[in-house]
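Worksheet: one structure, shown below.
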């Protein structure tokens with residue numbers, strides 16, 4: 001046997017395994033959570049102090065501050081769970097589109113056919129790029145109603161994988177980092193010019209990222 | 001109202017550690033992000049239960065770990081370490097003086113750690129990568145100190161077996 005490294009398992013692990021850095025979006029989101037929560041606590045503390053000095057006045061303040069903080073916290077937590085519900089609805093729609101043989105209402109790989117088809121069916125005009133060169137074949141489109149949104153659904157294929165791209169008008173603030181996987185499905189989310197995009201597929205997450213880049217580049 | 005950001009000051013410095021632990025427990029970047037996000041929500045809600053700021057890291061890691069375990073398929077947690085197949089060594093004679101040799105060794109170590117059963121992997125990650133004390137590991141993984149010791153010892157022996165040539169343990173002796 002040739003020369004072996006003179007160090008221990010512990011050294012080998014520390015040298016070989018990366019310590020990861022939390023994604024910037026996650027860090028930003030966590031910071032926002034911290035601020036929301038600390039306002040809530042500050043409110044509660046002021047309430048206690050005030051009660052000792054002037055019970056009646058303090059109580060009013062505490063209740064108000066607590067209520068404001070609580071509402072803010074509930075709102076941010078609510079946004080995160082709202083995103084979960086939306087993602088669940090998106091994945092359900094994706095799965096249903098594959099199950100009931102109702103993948104497209106306008107079957108066409110020609111964007112000159114698919115794009116005009118949406119006119120009058122959705123209140124916006126989605127970009128329908130052909131991404132054949134990037135490895136994504138346009139299959140067609142249909143209209144969906146998802147979580148209160150009338151959405152254009154574009155369907156692309158990547159090998160055996162189907163990608164549903166849901167588009168609707170929205171300038172909503174997103175609740176922290178978008179969820180990128182749900183029940184073994186991959187998701188990608190972005191917004192562009194007041195349109196909200198959600199791509200859902202059983203393709204691997206990196207492929208969806210490639211799809212997102214290809215779509216965004218072609219829509220420019 | 002002055003918003004002190006005690007949570008930010010006490011807990012968020014450990015966000016990378018939390019995310020790193022989640023990465024090794026879930027073995028998936030987006031799952032890890034999800035788990036960390038859920039853990040932060042939980043940590044914010046139960047921040048009041050943190051008794052001492054010095055314990056913040058172990059406290060957060062415990063929440064992350066519980067969150068990751070909640071995501072697992074039930075059978076994963078019950079796989080016994082004897083059932084995990086042995087690793088095929090890439091090249092048992094790799095020479096680590098060269099860049100390539102080092103890369104091969106690192107690859108083998110990663111694979112070996114990834115192949116460890118969950119309870120051994122989390123213990124070894126907490127100890128070697130996160131540099132937690134045995135007491136912290138016992139708290140985080142919710143087992144007695146003795147179990148931490150024996151898991152560490154088992155993990156190191158297993159890794160040494162898979163990697164060959166490396167000394168199984170560092171400074172400590174286990175009974």
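Any read-out appearing in this document is the output of simple, stated calculations on the displayed coordinates, not a laboratory observation. Bear in mind that the values here come from a model prediction, so they are computed numbers and not experimental data. In this analysis, Cβ positions are derived from the backbone assuming ideal geometry, glycine residues included, and neighbour counts consider all displayed protein chains.
Could you list A:118, A:124, B:47 in order of exposure, starting from the residue whose Cβ has the fewest other Cβ atoms within 10 Å? Please report the intermediate quantities before stating the final value.
Values: A:118 22, A:124 14, B:47 19.
Final ranking by Cβ density, sparse to dense: A:124, B:47, A:118.
For the pair residue B:28 and residue A:96, how long in nm is the line joining their label points, each one 7 Å along Cα→Cβ?
Spacing of the two 7 Å Cα→Cβ label points: 2.4 nm.
If you take the square roots of the eigenvalues of the alpha-carbon gyration tensor of region A:87-220 and sort them as a ≥ b ≥ c, do you get rounded (a/c under 1.5), prolate (a/b over b/c) or oblate?
rounded
Using 0.36 nm per residue of separation minus the Cα-Cα distance, give me the extension gain between residue A:88 and residue A:130 in nm, one decimal.
Details: separation 42, 0.36 × 42 = 15.12 nm, distance 2.78 nm.
Additional length available on full extension: 12.3 nm.
Going by the alpha-carbon gyration tensor, a ≥ b ≥ c the square roots of its eigenvalues, is region B:6-76 rounded (a/c under 1.5) or, if a/c is not under 1.5, prolate (a/b greater than b/c) versus oblate?
Note, shape of region B:6-76 comes out prolate.
Can you tell me the length gained on complete extension of the stretch residue A:108 to residue A:145, counting 0.36 nm per residue apart and subtracting the Cα distance?
Stretched out fully, the residue A:108 to residue A:145 stretch lengthens by 11.2 nm.
Using the basic label-point model (7 angstrom from Cα toward the beta carbon), what is the residue B:134 to residue A:204 distance in nanometres?
My value for the distance between the label points is 4.1 nm.
Under a point spin-label approximation (7 Å from Cα along Cα-to-Cβ), what is the residue A:170-residue B:102 distance to one decimal in nm?
Rounded to a tenth, the inter-label distance reads 4.6 nm.
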